[in-house]
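K.L.:
Structure in structure tokens, see below.
The values are calculated or read from the model by the stated rules, or taken from the named source; none is laboratory data. Given the structure is predicted, the values throughout are model-derived calculations rather than measurements. We place every Cβ from the backbone using ideal geometry, glycine too, and count neighbours over all the protein chains shown. Note: accessible area is taken over every heavy atom of the protein model, side chains too, but ligands, DNA and RNA are not part of it. Shrake-Rupley method; radii C 1.70, N 1.55, O 1.52, S 1.80 Å.
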Amino acid sequence: MMIVGVAVGMIAAIAATVEVTATVRPDVTIALVVGVPGAIGMLTILFSGRRWVTALGALILAIGPGWFGALAAIQVAAGV
């Protein structure tokens, strides 16, 4: 499930990059991209009572690194 979460994160990053045209500070972006899915995923895993909820938490937790990696790759490709 974590590989699916990374793929979802990469797709979300590309979609967000295309749709959002506003200038956002890098520290806010990193905090939102890594922090929000990380917190939600960890809470889901910690309070899960069933296996499928734990798997869902792992998927949500893996969205952050996928999203961050795609954003970093986009910045490198853009030469920023």
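K.L.:
Quick one: pull the percent of accessible area on segment 28-80 belonging to carbon and sulfur, 1.4 Å probe, ligands and nucleic acids left out. Working shown, then result.
P.N.:
On the way: 2560 of 3320 Å².
Exposed carbon and sulfur together represent 77 percent of the surface.
K.L.:
Still on this structure: For the pair THR17 and VAL36, how long in nm is the line joining their label points, each one 7 Å along Cα→Cβ?
P.N.:
1.8 nm
K.L.:
Answer with a single label: of (i) 0.95; (ii) 0.97; (iii) 1.04, which was calculated as Rg/Rh (Cα atoms, Kirkwood Rh) from the structure in view?
P.N.:
The value computed from this structure is option (iii).
K.L.:
Next question, about the same structure. For THR17, THR23, give the ranking by accessible area with the largest first, probe 1.4 Å. Intermediate values should be presented prior to the final figure.
P.N.:
Working: THR17 65, THR23 140 Å².
The residues order as THR23, THR17, largest area first.
K.L.:
Give the angle, between 0 and 90 degrees and rounded to the nearest 10, that separates the Cα long axis of helix 51-78 from the longest principal axis of the Cα atoms of the chain.
P.N.:
Taking Cα atoms only, the helix is inclined about 10 degrees.
K.L.:
Summing -39500 (n - 2.57) over the DSSP H runs of n ≥ 4 in the chain and dividing by its residue number, what mean residue ellipticity at 222 nm do you reach, to the nearest 500 deg cm²/dmol? Numbers along the way, then the final one.
P.N.:
On the way: 4 runs with 62 residues, N = 80.
Value at 222 nm, helices only, nearest 500: -25500 deg cm²/dmol.
K.L.:
Then there's this: Between ALA72 and ARG51, how high is the FRET efficiency from 1/(1 + (r/R0)^6) when r is the Cβ-Cβ distance and R₀ = 30 Å? Nearest 0.05. Before the final figure, lay out each step's value.
P.N.:
Values: r = 32 Å, r/R0 = 1.08.
So the FRET efficiency works out to roughly 0.40.
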